[in-house]
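*Asks:* Got a structure for you, written out below as C-alpha cells; questions coming shortly.
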Amino acid sequence: MIARVRGVERFADPGERTLAALLLAPAAVLLALIVVYPIGKLVYNAFFDLRLSGGQHAPFVGFDNFASALQDGIFWNAVWVTVSITIISTIGALLVGLALALLANLPYRIQWPVRLALLLPWAMPLAFAGLIFAWFFNTDYGVVNDWLMRIGIAPRSWLLSPGTAYAAVCITLVWKSASFIALILLAGLQMIPRSLYEAAEVDGATRLQQFREVTLPLLVPSIVVALIFRTIAGLQTFDIPYTMTKGGPAHATQTLAMLIHDTTIDYGDIGYGSALAVLMFLLSMVVTALYLRRIQRD
Amino acid sequence: MNTCTRFLTLAAAVVSLAAVPPALADTVLRVFAGGPQQRTDLTRKMFDEYEKSHPGVKINLESGGATSELQRQYLSTVLGAKDSSLDVLILDIINPAQYYAAGWIEPLNGYLGVKDAKAYMSKYLPAYATADVIDGKVVALPDFADAMFLYYRKDLLDKYGVRPPTTWNDLATVSEKIQQGEKNPNLQGLSFQGAPIEGAVCTFLLPYWSQGKDYQKGVKLDKKAAVNGLDMWLGMVDKGVAKKNIAEVKTGDTVNEFMAGHVVFAINWGFAWDLFQTDAKSKVKGNVGVAKLPAMQGGQPVTCIGGWQWSVSAFSKNKAEAAKLVQFMSSPDVSKYLSINGSLLPVYANVYSDPAVLKVNPWYGLALPVVESAKSRPVTERYAEVSDVVRTQTSAALARVQKPEATVDEIDNRLSRAMR
C-alpha cells in the first residue's frame, strides 16, 4: 500500500530530470520522424540500385553509386558550379548588401520607401526572380539587349553561351540575396551607439576613417551571421538557375541541387540521386563546420 | 438570434452540406488530363457526354503541366508515392514503356477482353501498336495522334513562284530567295525547336532518320549521320535562314512567331494548324500551307511521331470503371470530335477521310501517309534519361557551346547503358 502511494507520488511529482525528459519527448519524437528518419532513409537508399522505372527489385550495390558519382565529370562540374556560384554570389551580395544597408541607415525623414525597397526582392519567391531575369536576358525581347542596342552595342544571346549565362545567374542571385544581407547588416548598424561616432568626430576622424575604425569592426558579428546564412543558401542554389537556364547551355549552370533533382525526379534513379544528395550533405557539413569553428574561436 | 446561435446555425448548415454524398452509388473517377496542348477543354466536353450516358459515374478532371516534361515530373511524384488519388492518366507517347516497367500503369488485356494485343491494336495507326503494347500487354490506348509537319506561308511561296521544298537544301535556297525579296530583317526563313525541350529530341533525330538510320535499344547511334544532321541545322543558322538564337526557341515560340507573320517555314506539331487558322492573334489565317518535312540530300522524308495515350493507374481503386472510360476516350467518335474541334490528328486511318473532318482540316489527305510512316523516338523504360541527354546536348550544339562531333560522342557515351 505504501509502495503504491509512493509510486503515485513519484508520478505526480516527478524529479527534474524525468520532467525534462517527458517535456522534451514530443519534440524529440517529431524531430526523429521528420529529420532523422528521412536522412537515415536517404543514406540507406544510396547503397541500392533503386529506380522508379526498375520495377520492384532493388539490388544492394555497396559504394557503387558513390564510385560512379566520383568518376562522373558532370558531378564534379556541378560541384564546381555550386561552390563557385556560392563564393561569387556571397561576396557580391555582401558588397551590395552593405551598400544598401548603409544607404538605408542614413537619417532620412521618411524611411519606409527605402526599407520597403529592401524587403521586396527578399520577399519575392526565388522562381519568380529567375523567370523575371530570364526575360530581362532574353535575346529577342529582353530589356538588357534593348539597352545595349540603344547605346549602339550589338545584342547577344546571354543565356546561350556558358560565360554570360553563368554571369546572368550570378547577377540574379546577387540581386535576390543582397537585400536579405542588407537587412541583417542594417540591424547591426543600428546597434552601434551614436556616441562612438561623436567621439570619433571630436578626435577629428574623417567619414572614411569612421567607417573603417568604428562601423566595420562593430559590424563584423553581423557580417559573419550574414555570410553563414548566405553560404548555406548558396550551396543549395536551385530555383534561379532552374528557371533561368535549366542548367544550360550544356551543364554550364547546373548546380548540385539541380543534378540531384534531374537524377531523382526526371530519371527516377533514386539510388544514384540519394548518393549525390549524401555527397552534397557532406559538402554542406564541411562548410558549416568551418564557420562554426570560426564562431567558437571568436 | 444572438451571434453565438447564428454562428452555430451556420456551422451546422455547412456541415450538413458537406456531409451530403453525391448520390450513394456514384463512382468518382479522377482523371489527369494534361495541359492546354492536350485540349482539356475538349476532353471535359467528352467527359460530360460520358457522364450523361453513364449515370452513376462522375469524372473529376485535373489539369496541369504546360509541357510533356512538367507532366512527367508531376506524375512521377504522384505514382512514385503509389498514390491512389488518380484513376486515369494521359501520357505522352514516349512514357508508357517507362510507366509500365515501373509498375505504375495497369495492363488492360483483362478489362478489354484482349487475346492478341497486336491484333487488338491493329484498328489504330501502326505507331500505337509499338508504343502502347509491352510484353504482349495493352498498357494504354491512344487519344489523339501527332506528328511534325512543315508549315509554310502559301502567300509568300505563291508570290515568288516556288513550290514547297522537298529537301533541306531546297528549303534553304527558297528561304534565302524569299528573305532577300521581302527585305524584312525580321523575317525568318525557318523556325524549329532548339531549346532543351522534348521537341529538340525530334530536332536531333529528324535529319538522322532521313539518312536511313535508326536509334533504338540495341541499335547503335551512327555518329557520322548524327553529325551530318547537326551540321545541316547549323548550316541553316549560318545562311541566316534560321535565327542565331535558335537554341532558345521552344514549340510555343515557333507557333507565336509563325502566327505573327515573322516566319516563312515552321516545323511544328499537328495541333498548331488549329491555332494558325482560328486563333484571334493569328495574322496568317488562310495563308498557311502544310507539307511533309523535307529530306536530307538523297534521303527519305521522315517525321517524328507523337500523340497522347490514356492509361489506368495501377493504384486506382476503380480500375474496371477507369478502363471503360479509357476505351470510350479512344473510340472513333471521340477521335472524330477532337479532329473537327481541335484539329487533333485522328488515331484511326478512316477518320482522316471523313468528309466532316476534311472540311475543317483539308490537309488531312496529306497527313495520313505522313503519320503512318512516322518514326518513334527510342522506346525504352529509361526514356527520361535518353530525352534529357539528347535535348540538352542538341541545344548546346545549336548554341555552339560545343562542336557537333563532341556532342554526338557525349550522347553516345552517356546513353550507352540506357540504350543497351
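*Asks:* Scan the stretch B:244-303 residue by residue and report those that are among the small types (Gly, Ala, Ser) and within 14 Å of chain A (Cβ to nearest Cβ).
*Replies:* Scanning the stretch B:244-303 gives B:247, B:252, B:260.
*Asks:* May I pose another question? Exactly one of these conditions fails for residue A:240: (1) open to solvent by less than 30 Å² (accessible area, probe 1.4 Å); (2) within 14 Å of chain B (Cβ to nearest Cβ). Give me its number.
*Replies:* (2)
*Asks:* Let me ask something else. So which residues in the stretch B:368-385 are at the interface with chain A (Cβ under 10 Å from one of its Cβ atoms) and closer than 20 Å to residue B:148 by Cα, if there are any at all?
*Replies:* Across the stretch B:368-385, the qualifying residue is only B:383.
*Asks:* Condition check: in contact with a Leu (Cβ under 6 Å, 6 or more places away or on another chain), open to solvent by 30 Å² or more (accessible area, probe 1.4 Å) and either over 24 Å from residue A:178 (Cα atoms) or within 13 Å of chain B (Cβ to nearest Cβ) (or both). Does residue A:265 satisfy that?
*Replies:* no
*Asks:* Can you pull out every residue in the stretch B:247-261 that is out of contact with any strand residue (DSSP E or B) (no Cβ under 7 Å at 6 or more places or on another chain) and under 21 Å from residue B:276 (Cα atoms)?
*Replies:* Selection gives B:250, B:252, B:253, B:256, B:259, B:260, B:261.
*Asks:* Taking the stretch A:158-196, which residues are among the basic types (Lys, Arg) and under 27 Å from the mean Cα position of the chain (by Cα)?
*Replies:* The answer is A:176, and nothing else.
*Asks:* Among the strands (runs of 3 or more DSSP E) contained in the stretch B:240-342, which hold 3 or more residues that are modelled with pLDDT under 95?
*Replies:* Once the strands (runs of 3 or more DSSP E) in the stretch B:240-342 are filtered for at least 3 residues that are modelled with pLDDT under 95, what remains is B:288-291, B:305-312.
*Asks:* Of all residues in the stretch A:126-157 being in contact (Cβ under 8 Å) with a residue 60 or more places away in the chain and open to solvent by 50 Å² or more (accessible area, probe 1.4 Å), which is farthest from the chain's Cα centre (by Cα)?
*Replies:* By that ranking, first place goes to A:131.
*Asks:* Suppose we keep only residues that are open to solvent by less than 40 Å² (accessible area, probe 1.4 Å) and among the charged types (D, E, K, R) within the stretch B:68-84. Which one would you say is modelled with the lowest pLDDT?
*Replies:* B:69
*Asks:* Open to solvent by 30 Å² or more (accessible area, probe 1.4 Å) and touching a Phe, Trp or Tyr at 6+ places or on another chain (Cβ under 6 Å): which single residue out of A:80, A:122 fits that description?
*Replies:* A:122
*Asks:* Scan the stretch A:209-220 and tell me whether some residue there is away from chain B (no Cβ under 12 Å) and under 30 Å from residue B:384 (Cα atoms).
*Replies:* Scanning the stretch A:209-220, I find no residue that is away from chain B (no Cβ under 12 Å) and under 30 Å from residue B:384 (Cα atoms), so the answer is no.
*Asks:* Would you pick out the residues in the stretch B:392-415 that are assigned to a helix (DSSP H, G or I), within 10 Å of another protein chain (Cβ to nearest Cβ), open to solvent by 20 Å² or more (accessible area, probe 1.4 Å) and in contact (Cβ under 8 Å) with a residue 60 or more places away in the chain?
*Replies:* B:392
*Asks:* Looking at (1) at positive phi; (2) within 13 Å of another protein chain (Cβ to nearest Cβ), which is the one condition that is false for residue A:71?
*Replies:* (1) is the only condition that residue A:71 fails.
*Asks:* Also, I was wondering about something else. Of everything in the stretch B:369-391, what is surrounded by 23 or more Cβ atoms within 10 Å (Cβ to Cβ) and of a type in the set (S, T, N, Q)? Give them in sequence order.
*Replies:* Correct list: B:387 only.
*Asks:* Picking from B:126, B:207, which residue would you name as being touching an Asp or Glu at 6+ places or on another chain (Cβ under 8 Å) and in contact (Cβ under 8 Å) with a residue 24 or more places away in the chain?
*Replies:* Only one candidate qualifies: B:126.
*Asks:* Give the residues of the stretch A:174-226 that are of a type in the set (D, E, K, R) and under 15 Å from residue A:98 (Cα atoms), sorted by residue number.
*Replies:* Result: A:176, A:212.
*Asks:* A further question follows. Need pairs with beta-carbon distance below 8 Å; first residue more than 13 Å from residue B:89 (Cα to Cα) and within the stretch B:315-332, second in a helix (DSSP H, G or I) and of a type in the set (S, T, N, Q); sequence gap 6+ or separate chains.
*Replies:* Qualifying pairs under 8 Å: B:332/B:350.
*Asks:* On to the next question. Given the conditions (1) in contact with a Gly (Cβ under 8 Å, 6 or more places away or on another chain); (2) within 13 Å of another protein chain (Cβ to nearest Cβ); (3) not in a loop (DSSP other than H, G, I, E, B), which single one is not true for residue B:352?
*Replies:* Condition not satisfied by residue B:352: (2).
*Asks:* Within the stretch A:158-213, restricting attention to residues that are without any contact (Cβ under 8 Å) to a residue 60 or more places away in the chain and charged (D, E, K, R), which residue is surrounded by the most Cβ atoms within 10 Å (Cβ to Cβ)?
*Replies:* The extreme case among them is A:213.
*Asks:* May I ask you to verify whether residue B:223 is open to solvent by 10 Å² or more (accessible area, probe 1.4 Å), under 30 Å from residue A:254 (Cβ atoms) and in contact with a Ser or Thr (Cβ under 8 Å, 6 or more places away or on another chain)?
*Replies:* Against the criterion (open to solvent by 10 Å² or more (accessible area, probe 1.4 Å), under 30 Å from residue A:254 (Cβ atoms) and in contact with a Ser or Thr (Cβ under 8 Å, 6 or more places away or on another chain)), residue B:223 does not qualify.
The values are calculated or read from the model by the stated rules, or taken from the named source; none is laboratory data. Worth saying up front: this structure is predicted, and the values here are computed from it rather than measured. Note that we place each Cβ from the backbone using ideal geometry, even for glycine, and neighbour counts take in every protein chain shown. We work out accessible area using only protein heavy atoms, side chains counted, and drop any ligands, DNA or RNA first. Shrake-Rupley method; radii C 1.70, N 1.55, O 1.52, S 1.80 Å.
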